[in-house]
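The values are calculated or read from the model by the stated rules, or taken from the named source; none is laboratory data. The model shown is predicted, which means the values in this text are computed figures rather than measured ones. Positions of Cβ are backbone-derived with ideal geometry, glycine not excepted, and every protein chain shown enters the neighbour counts. Ligands, DNA and RNA are stripped out before the accessible areas are found, and what is left, the full protein with its side chains, is counted by its heavy atoms. Shrake-Rupley method; radii C 1.70, N 1.55, O 1.52, S 1.80 Å.
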Amino acid sequence: MAAAVAASPAQSRKTETYTDTKRRDDVRGLNIAAGRAVAAAARTSLGPRGMDKMISSSSSGGGDQAAHEAVIITNDGATILSRMPLLQPAARMLADLSRSQDAAAGDGTTTVVVLAGSLLRRAQSLLSAGAHPTAAADALHLLAARAVVILHGMAIPVELSDRDALVKSASTALNSKVVSQYSTLLSPLAVDAALAVVDPAHPYLLDLRDIRVVKKLGGTVDDTELIRGLVLDKKASHVAGGPTRIEGAKIAVIQFQVSPPKTDIEQSVVVSDYAQMDRILREERNYILGMVKKIKASGCNVLLIQKSILRDSVTDLSLHYLAKAKIMVVKDVERDEIEFITKTLNCMPIASIEHFREDKLGYAHLVEEISVGEGNNNKIVKITGIKNMGRTATVLVRGSNQMVIDEAQRSLHDAFCVIRCLVNKRFLIAGGGAPEIEMSLQLAAWAKELRGMESYCVREFAEALEVIPYTLAENAGLDPISIVTELRNRHAKGEKNAGINVRKGRITNILEENVVQPLLVSTSAITLACECVRMILKIDDIVTVR
């Protein structure tokens, strides 16, 4: 009995030590499993033949319109993962990875998650074979640096003057989207819009905030157009028969209210005498009339009024006087649109009636209200022929329903990002799984030159890159094993640009098929995926803080 009691503390210590080690392995395994689950969910959306996801939000209110707004159909990786209610921290890291790729390159948001999932799977097998997590993480760092060098060796230089090359790269980005059948229309449109905002003084900078996308229900995606001017998703004021078409427009963007002033504090004034009431109304009329006369004296005939949160920006009385003065009024312009509007019109926002001068006005050939569909709500104000127009562009997106319009906007954003990548780093690279297979082969050959655990880990991670062509073939309904085997053989013979042609269902020279993508998309994807997997491998415990 005494011997049994004496042995129990030693046995207890042994058990505790074993449990601690088990916990570290369990936490790491749990994180890897969570990351792989997220990658598996996004994997079926990869490529031009990838599946779409229907994302339904349960937070919609009553009514059919609210229900429609809560449904999104897309195959954009960043959109899918951003809408997923992920609870596990490592799973959220995969969603953040997709968001980082979206910010860095704009395209390849599904690719980067699928790559990370495959690297996690190989990391799990390495850990099961006895490799230390730090050794695997260091090997990933070496692999990422070497992969970027290999990608640069495959890259083809491109100039912004080569419009055909830019259109091809934009088409590749759009071919995997829901609106892929409209890629022949949207690709040149995206290229023209992006090149219109590139400033020659900063040739390697493209600010996507200078491109504004206006969505309007009605028509089809074929009706989408690039506006050489400005489009406001508002209608002109029709009170008192105000004008809706002005030629030779002098435009003012004002941030003050054309309405009677109010007291600074909330209070009520009791008027008991009719004479006093008449005097108040007369003063209001004179105040507004004085403002309208100052506006008219400057030569202004189009007024864009910022939405006010303090009081009504305009009243029926002020609209009446402005209509009599033949001044076109567009009210309730959003505060965040003012900067874009003033940059486009090359004018200054006017904060006070005292500062209303002719030198702060913008000039345009024509301002008109046009109808873009049935109903009173489908009217827009179009401004064309702007004098000294700023480097901005406006795209009017049309569609038969809201889901199509939203997806068209997301697809255009990806196309804009592709052009931005080419502006920043002017190199193109083949698509169709060609760069991943080439990296896999060259990294496997490089692994033979390394020694010890590094060699073993790099060889294992190099094989993980084959998941991209494998998934492309699988999603296209082809035999992935035979396709990837043939692709590997073609690259081993020196055909660097051999890739999967999903339309013909075989391996072809992918550059001749015009399937190209920016170098920045591929380098960013492999670098970010390796960084994310390294972070997950180095986590050995989860501490919950309340």
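Accessible surface calculations at 1.4 Å, restricted to protein heavy atoms, place the stretch 430-505 at 44 Å² per residue. The count of lysine pairs in the stretch 136-269 with alpha-carbon distances below 17 Å, taking only pairs 8 or more places apart or on different chains, stands at 5.
Would you work out the charge dipole size for the chain about its Cα centre, treating the Cβ of every Lys and Arg as +1 and the Cβ of every Asp and Glu as -1, and quote it to the nearest 20 debye? Show your work: numbers first, answer last.
Numbers: 66 positive and 62 negative charges, 61 e Å.
Here the chain has a charge dipole of around 300 debye.
Listed values (1) 1.19; (2) 1.37; (3) 1.27 include one computed from this model; for Cα Rg over 2.2 N^0.38 Å that value carries the label (3). For GLU283 and ALA351, a Förster radius of 30 Å and the Cβ-Cβ distance give a FRET efficiency of 0.80, rounded to the nearest 0.05. Taking 22 Å as R0, compute the FRET efficiency from the Cβ-Cβ separation of VAL545 and HIS132 and round it to 0.05. Efficiency, rounded to the nearest 0.05: 0.20. The order of the peptides 102-113, 162-173, 489-500 by mean Cβ neighbours within 10 Å, most packed first, is 102-113, 162-173, 489-500.
Secondary structure note: in the chain, about 65% of the DSSP beta bridges are antiparallel.
Computed over protein heavy atoms with a 1.4 Å probe, the carbon and sulfur contribution to the accessible area of the chain reaches 51%. Averaged over its residues, the stretch 74-176 has an accessible area of 38 Å² per residue, based on protein heavy atoms and a 1.4 Å probe.
Membrane-span-like helices in the chain, defined here as complete DSSP H runs extending at least 15 Å along the helix axis by their C-alpha atoms with mean Kyte-Doolittle hydropathy no lower than -1.0, are 2-43, 89-104, 109-128, 133-154, 163-174, 183-196, 274-297, 402-424, 434-447, 452-464, 480-492, 519-537; this is a sequence and geometry rule, not a statement about a membrane.
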